[in-house]
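Q: I'd like to ask you about the structure that follows.
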Amino acid sequence: MSTTHRARLGLRRAALLTLALCGWLFAGAAVQAQNRIFFINVDKAGAVTDIEGTILDESKKEVSVRPLKGNKLVIAADNVIDIFYAVGKPDLQAEYKKAWDADQTAAKTAGAQERKRLLEEAIKKYQELYPKLDKEKNAQRHVQFRIANLSAHAAGADRAKLFASIDLLEKFLKEHPDSWQSFRGEQQLKLMKGGK
């Protein structure tokens with residue numbers, strides 16, 4: 001076998017190895033960039049379940065998901081608790097995760113003062129993130145909803161903040177009447193307006 005022939009075989013092997021590696025990296029990135037859906041699983045006696053997958057469709061009635069494993073799943077909107085959306089850019093995903101973590105920590109905190117501080121921190125992080133998600137419409141819509149929702153929880157007895165959070169929820173519902181979040185937003189707004 002000539003030196004030239006060996007060199008060509010070496011280049012072909014290197015090219016195939018590079019293609020295989022790129023395919024593996026892109027496949028890995030696709031697996032990491034999945035949405036995470038938290039919902040009340042009626043098939044498991046109302047247990048809270050979370051799955052990762054691709055969201056196929058969202059509406060006021062339901063969210064359709066193709067899980068990483070298994071068949072298509074349709075979840076009634078009133079059973080959806082939350083969705084952590086996958087966003088394309090790693091730096092945005094990291095920023096979104098920080099806001100979401102602050103949101104979750106606030107929800108688990110018992111002390112009223114500390115909870116209010118954490119809610120305000122989460123709102124601020126979401127507000128900073130919101131304009132950066134202009135190419136990620138589902139995530140941007142959800143961040144808008146979280147800002148309105150958390151603002152209502154953070155308002156407490158402050159009537160000015162309460163009315164401002166009502167305005168945020170009404171704006172969200174006007175802009176996204178067919179979203180899965182609208183079910184929760186409408187419920188929250190009814191409760192808040194009962195005291196208005």
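Read-outs: derived from the displayed coordinates by stated rules, not from any lab. Just so we're clear, the structure is a prediction, and the values are computed from it rather than from any experiment. Here Cβ is always computed from backbone atoms with ideal geometry, including for glycine, and neighbour counts include all displayed protein chains.
Q: Sorted by average packing, counted as other Cβ atoms within 10 angstrom per residue and highest first, what order do 79-89, 62-72, 124-134, 41-51 take?
A: Ranked by mean Cβ neighbours within 10 Å, highest first: 79-89, 124-134, 62-72, 41-51.
Q: To continue, here is another question. Got the relative contact order for region 55-196 handy, in percent, Cα pairs under 8 Å and 6 or more residues apart?
A: Relative contact order here is 23 percent.
Q: Let me see the P(r) profile for region 32-143: every Cα-Cα distance counted, bins of 5 Å, each bin given as a percent of all pairs.
A: Answer for region 32-143: a P(r) of 2, 11, 19, 21, 19, 16, 8, 3, 0 percent.
Q: Between D57 and A160, take the C-beta separation as r, use R0 = 41 Å, and let me know the FRET efficiency to the nearest 0.05.
A: 0.60
Q: Within the set K69/K132; K97/K171; K44/K132, which residue pairs have Cα atoms separated by over 27 Å?
A: K69/K132; K44/K132
Q: Here's something else I'd like to know. Can you compute the modelled spin-label distance between R66 and A45, with each label point 7 Å from Cα toward Cβ, in nm?
A: The two pseudo-label positions are separated by 3.4 nm.
Q: Would you kindly work out the equivalent ellipsoid of region 88-193 from its C-alpha gyration tensor and give its semi-axes, the square roots of five times the eigenvalues, largest first in whole Å?
A: One finds semi-axes of 21, 19, 10 Å for region 88-193.
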